[in-house]
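One structure below.
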Amino acid sequence: MQWRRNLWFLSIAVFIANLSFTLNMPFLPRFLEELGLEKNLSLWSGIMISVNFVTYAIMAPIWGSLADLHGKRVMFMRSGFGIAVTYVFMGLAANHWQLFIFRAMNGLLSGFIPSAIMFVATNTPEEDMGYALGILNTFIALGGIMGPFMGGAMVQYLGLRMIFYISAGLLFIASALAVFGTKERIIKQAVKVNLWQDLKSIMANRSLKVYFFCMVMLQGATYMIQPILPIRIAELTRGNVELITGIIFSVIGISLAIGSPLVCKIKKANYVTILLGGLLLCALLSVVQGLTYSVLLLGVQRFLFGFANAAVNVSGNVLITQCAGEEMRGRVFGTLNGLTAFGAVFGPLMGGFLGEHLGTPSAFHGSAVLFVLAGYAVWKIRHKAVDVLKSRVETCSCLE
């Protein structure tokens, strides 16, 4: 029953960690204004989010390989405690260039939640994988609910800089829980780690390649909205902007928390169909969000969007886990994290560019295009039956 103990300790840890991450994220545009930035706010907001993922994309495959060699608990220490220190530096930033450097440092050390997903994927019985990943996603979503809401309330009374210090303290707690509350079964690798060979081998599996593409598009589409949403909310309302921003950022977490376990409870689930339906629903709701001019309606649409997002996240992670041999899952997820980080690089940059030149609604429409592209890729392989054993055998023979 150790996997259950691991799951619950990690669930609490990722809840606190994601609360910490989202406590300050919605207010980056406001912090840039406080630092004296007066021009190109949309573009710089996108840059601040993107630089974090540029450095993370470089390091993620390396961290994934080291996780396979030395275990995921070491990754919790490296990521959690390291990011906490960078948050302290962000709180001390004197201008937007310093903030840019600290955001880049943050990305080099990122990977706390991906490490938790890898840990669960490699230390949970196969028959309980969907349940465990669903629970983990639920607690991640709960952190995403509480973070923006608490941040919106705290900003008005404590100021933006104090939020970064609070985020650092929360991450120290989350890291301690993850390190001291779990026990890990490390599977020795039979082959030497070769990052380039891993990527080539993983991409040779057609199904795995499509699921990777979907997760990259999901990340790009999701983060395309991140730098624009606070600015869009400010355009739609004039009073209590910080609190309303926090609430709207939080509502998607509520539906994610509700939706993730519901996906896992579907009897004899066809995760390919769930993934396809989730992507298409995400595209539709993104278009609708770009057309609304009511902040209340936008909140309702973000809430519904969370259910579709949950379907894509859970089904995508389960399908990738099923396609990877047990001894290779750390490396597969490490590669996935690196690739999805590129989605989080180009997404905010595209969102910032579109918002700056075509208006904030255009970023929502741009994200819809990415969801449609991902949906089309899944549609092309929809007739290929999901045979877990066959997928695993093919992947293992390919990777070894």
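I58 to F172: FRET efficiency via 1/(1 + (r/R0)^6), r the Cβ-Cβ distance, R0 35 Å, to the nearest 0.05?
Once rounded, the FRET efficiency stands at 0.85.
With +1 on the Cβ of every Lys and Arg and -1 on the Cβ of every Asp and Glu, and nothing else charged, how large is the dipole of region 25-179 about its Cα centre, in debye rounded to the nearest 20? All intermediate terms of the calculation are to be shown ahead of the outcome.
Working: 7 positive and 7 negative charges, 80 e Å.
About 380 debye.
When the Debye formula is applied to the Cα atoms of the chain, each taken as the same point scatterer, what base-10 log of I(q)/I(0) results at q = 0.06 Å⁻¹?
Result of the Debye calculation: -0.21.
Kindly sort M150, M48 by accessible area of their heavy atoms, largest first, with the probe set to 1.4 Å.
On the way: M150 60, M48 0 Å².
These residues rank, largest area first, as M150, M48.
Any idea what angle helix 41-70 forms with the longest principal axis of the chain, computed on alpha-carbon atoms, 0 to 90 degrees, nearest 10?
So the inclination is approximately 20 degrees.
Across region 220-235, in residue order, what do the Karplus-derived ³J(HN,Hα) couplings come to in whole Hz, using 6.51 cos²θ - 1.76 cosθ + 1.60 with θ = phi - 60° and x for Gly and Pro?
These are the phi-based 3J(HN,Hα) values: x, 5, 5, 7, 4, 7, 3, x, 8, 4, x, 5, 5, 4, 5, 6 Hz.
Over the chain, calculate the relative contact order: mean separation of alpha carbon pairs under 8 Å at least 6 apart, over the residue count, as a percent. Each step should come with its number before you reach the end.
Working: 725 pairs, mean separation 117.8, N = 400.
That works out to 29 percent.
Ignoring ligands, DNA and RNA, what percent of the 1.4 Å accessible area of the chain is carbon and sulfur? Display every interim value, and only then the final one.
On the way: 10990 of 15960 Å².
Whole-percent figure for carbon plus sulfur exposure: 69.
Report ³J(HN,Hα) in whole Hz for each residue of region 244-249, in order, from the Karplus equation J = 6.51 cos²θ - 1.76 cosθ + 1.60 where θ = phi - 60°; Gly and Pro get x.
Each residue of region 244-249 in turn: 5, 4, x, 5, 5, 5 Hz.
Any idea how far apart K200 and V85 come out in nm if each label point goes 7 Å out from Cα toward Cβ?
3.7
Projecting each Cα onto the charge dipole of the chain (Lys/Arg +1, Asp/Glu -1 at the beta carbon, about the Cα centre), which of S250, G352, S115 comes out farthest on the positive side?
Projecting each Cα onto the dipole axis, the largest value belongs to S115.
Among S294, S65, S167, determine the one that fluctuates most according to a GNM of the chain built with springs between C-alpha atoms less than 10 Å apart.
S294
Considering the options L133, G259, N18, tell which one lies farthest towards the positive end of the dipole of the chain, charges being +1 on Lys and Arg and -1 on Asp and Glu at the Cβ, about the Cα centre.
Of the options given, the answer is L133.
So how far, in whole Å, is the C-alpha centre of region 98-115 from the one of region 229-265?
When both Cα centres are located, 23 Å separates them.
Among the lysines in the chain, how many pairs, 8 or more places apart or on different chains, have alpha carbons under 25 Å apart?
Taking the chain as the scope, the lysine pair count is 28.
Among T138, T273, T245, which one shows the highest mean-square fluctuation when the chain is modelled as a Gaussian network with alpha-carbon springs under 10 Å?
Greatest mean-square fluctuation among the candidates belongs to T273.
Determine the gain in length on full extension of the stretch D128-E34; use 0.36 nm per residue of separation and subtract their C-alpha separation, reporting nm with one decimal.
Values: separation 94, 0.36 × 94 = 33.84 nm, distance 4.76 nm.
Full extension from D128 to E34 adds 29.1 nm.
Using 0.36 nm per residue, how much length does the chain from L284 to L262 gain when fully extended, once their Cα-Cα distance is taken away? Present the calculation step by step, with values, prior to reporting the outcome.
Values: separation 22, 0.36 × 22 = 7.92 nm, distance 2.10 nm.
Stretched fully, the L284-L262 segment lengthens by 5.8 nm.
With θ taken as phi - 60° and the coefficients 6.51, -1.76 and 1.60, list the Karplus ³J(HN,Hα) couplings across region 9-17 in order, rounded to whole Hz; mark glycine and proline as x.
Using θ = phi - 60°, the values come out as 5, 5, 4, 5, 5, 6, 4, 5, 5 Hz.
Using only the Cα atoms of region 1-83, what semi-axes does the equivalent ellipsoid have when each is the square root of 5 times a gyration tensor eigenvalue? Give whole Å, largest first.
Working: eigenvalues 210, 60, 15 Å².
After diagonalising the Cα gyration tensor, the semi-axes are 32, 17, 9 Å.
Only four residue types carry charge here, +1 at the Cβ of Lys and Arg and -1 at the Cβ of Asp and Glu. Report the dipole size of the chain about the Cα centre in Debye, rounded to the nearest 20.
Values: 29 positive and 17 negative charges, 144 e Å.
About 700 debye.
The values are calculated or read from the model by the stated rules, or taken from the named source; none is laboratory data. The structure presented is a predicted model; accordingly, all values stated were derived computationally and were not measured. Every residue, glycine among them, receives a Cβ derived from its backbone with ideal geometry; neighbour counts consider all protein chains shown. Calculation scope for accessible area: heavy atoms of the full protein, side chains included, ligands and nucleic acids excluded. Shrake-Rupley method; radii C 1.70, N 1.55, O 1.52, S 1.80 Å.
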